[in-house]
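The values are calculated or read from the model by the stated rules, or taken from the named source; none is laboratory data. Nothing here was measured: the structure is a model prediction, and the numbers come from that model. Here Cβ is always computed from backbone atoms with ideal geometry, including for glycine, and neighbour counts include all displayed protein chains. Just the protein is used for accessible areas: all its heavy atoms, side chains included, with ligands, DNA and RNA removed. Shrake-Rupley method; radii C 1.70, N 1.55, O 1.52, S 1.80 Å.
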Amino acid sequence: MPACHLVFKAMGSPCELHLHGPDAAETRRVAESVIADVQRLERRYSRYRDDSLTSAINRVAAVAGRCEVDAETAALLNYADTCYRESDGLFDITSGVLRRAWRFENACAPEPEAIAALLDRVGWDRVVWKRPFLSFGQPGMEIDFGGIGKEYAADRAAALCLDAGIRNGLINLGGDVRVIGPLPDGDPWRIGIRDPERPETLLGGVLMTGGALATSGDYARFLRIAGRRYGHILDPRTGWPVLGLVSVSVIAASCLVAGSLSTIAMLRGRAGIEWLRSLDIPHLWIDAEGGRGGSGVFADLLKTPG
């Protein structure tokens, strides 16, 4: 069966598509349409683009205003609202403003006063969301779809492939992976898991024939100060990095669910371990001391190096 493998960059991450279809030209056309849709979502929801929808919403938020959103954005906001409630306020798309205090390229933590000054601008409970209208109760707030945008794009990509008749493929958007069936010969795909201490290497891999795998971790951005590791995943209640876990991987039916569950587990710190167990989902956690645990699908990765 003809294969199409394309590598591209989107949403600040290296991405790749591995698609297999009965016709080489048609499979490539599908792959190119998937990349175009990922790029469309980046243009709409990137916080780094002044012309994005996110930036337009944040200009309204800056003056505690009110705006109307389209159906796609409303669905994302509904999901973000659910995540906020189910995580007891830990998963909060208004917490991105805290990045103004934290500069992970610097070798020092911000002053507590700088963090405290931003906390008044954080809190999904300060936002009134009544579809299709979004109102902000405090000037200077922001929203950030970074915690769900890439995962949503991966699920969209899978849906486009399935609609086009692709039944064997893998979508990798910066480590958020969506699997469409097995390889054409029936074998599973092997998905690698990064070592948070050495991100250029892999701890091992898991075998998948469908569903999604997402990993949340601080291996990309962190500070080490006085022997303590401070990651970039921030507690919206305190403004400080959560401590305890350095990486969580989750397998679920959709990338959106896998990504939000792995992020919420990280936000819970060490309490996230028991929370993951209570959900009875395939998962792997790694703590700051190098300890590992999780469910049986990750069995090859559970042995802590000695």
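Are there any pairs, at least 6 apart or on different chains, whose C-beta atoms fall under 9 Å, with the first in region 39-50 and part of a loop (DSSP other than H, G, I, E, B) and the second open to solvent by 60 Å² or more (accessible area, probe 1.4 Å), and if so, which?
S46/G12; Y48/G12; R49/R43
Output the qualifying pairs, or none if there are none: Cβ atoms under 8 angstrom, residues six or more apart or on different chains, first residue in region 62-85 and charged (D, E, K, R), second residue in a loop (DSSP other than H, G, I, E, B).
Listed pairs, sorted by first residue: E68/P132; D70/P132.
When you check A288 against the structure, is it within 19 Å of F91 (Cα to Cα) and open to solvent by 30 Å² or more (accessible area, probe 1.4 Å), yes or no?
On the way: within 19 Å of F91 (Cα to Cα): no; open to solvent by 30 Å² or more (accessible area, probe 1.4 Å): yes.
Judged against the criteria, A288 is not a match.
So A64 ticks every box in (1) assigned to a loop (DSSP other than H, G, I, E, B); (2) within 24 Å of the chain's Cα centre (by Cα) but one. Which box is left unticked?
A64 satisfies every listed condition except (2).
Name the residues in region 201-214 that are modelled with pLDDT of 95 or more and among the polar types (S, T, N, Q), would you?
T209
Please go through region 47-88 and give me each residue that is among the polar types (S, T, N, Q), loosely packed, with under 15 Cβ neighbours inside 10 Å and within 17 Å of T263 (Cα to Cα), ordered by number.
Let us first name the residues in region 47-88 that are among the polar types (S, T, N, Q), namely 52, 54-55, 58, 73, 78, 82, 87.
Those still in the list that are loosely packed, with under 15 Cβ neighbours inside 10 Å too: 78, 82.
Residue satisfying the conditions is T82 alone.
Where residues in region 150-195 are within 20 Å of S260 (Cα to Cα) and of a type in the set (D, E, K, R), which of them is most open to solvent (accessible area, probe 1.4 Å)?
R194
Kindly establish whether L134 is of a type outside the set (V, I, T), assigned to a strand (DSSP E or B) and modelled with pLDDT under 95.
Numbers: of a type outside the set (V, I, T): yes; assigned to a strand (DSSP E or B): yes; modelled with pLDDT under 95: no.
So L134 fails the test.
Would you be able to say whether some residue in region 227-247 is buried (at least 24 other Cβ atoms within 10 Å of the Cβ), modelled with pLDDT of 95 or more, more than 18 Å from R103 (Cβ to Cβ) and touching a helix residue (DSSP H, G or I) at 6+ places or on another chain (Cβ under 7 Å)?
No, region 227-247 has no match at all.
Mind checking which residues of region 256-284 are open to solvent by less than 20 Å² (accessible area, probe 1.4 Å), touching a Gly at 6+ places or on another chain (Cβ under 9 Å) and either closer than 18 Å to G211 by Cβ or touching a residue at least 60 places away in the same chain (Cβ under 8 Å) (or both)?
Taking region 256-284 first, the residues open to solvent by less than 20 Å² (accessible area, probe 1.4 Å) are 258-260, 262, 264-267, 269, 272-273, 276, 283-284.
Filter again for touching a Gly at 6+ places or on another chain (Cβ under 9 Å), leaving 258-260, 262, 264-266, 269, 272-273, 276, 283-284.
Residues satisfying the conditions are A258, G259, S260, S262, I264, A265, L276, H283, L284.
Can you name every residue in region 178-204 that is basic (K, R) and over 18 Å from E16 (Cβ atoms)?
So in region 178-204, the residues basic (K, R) come out as 178, 190, 194, 198.
Result: R198, single match.
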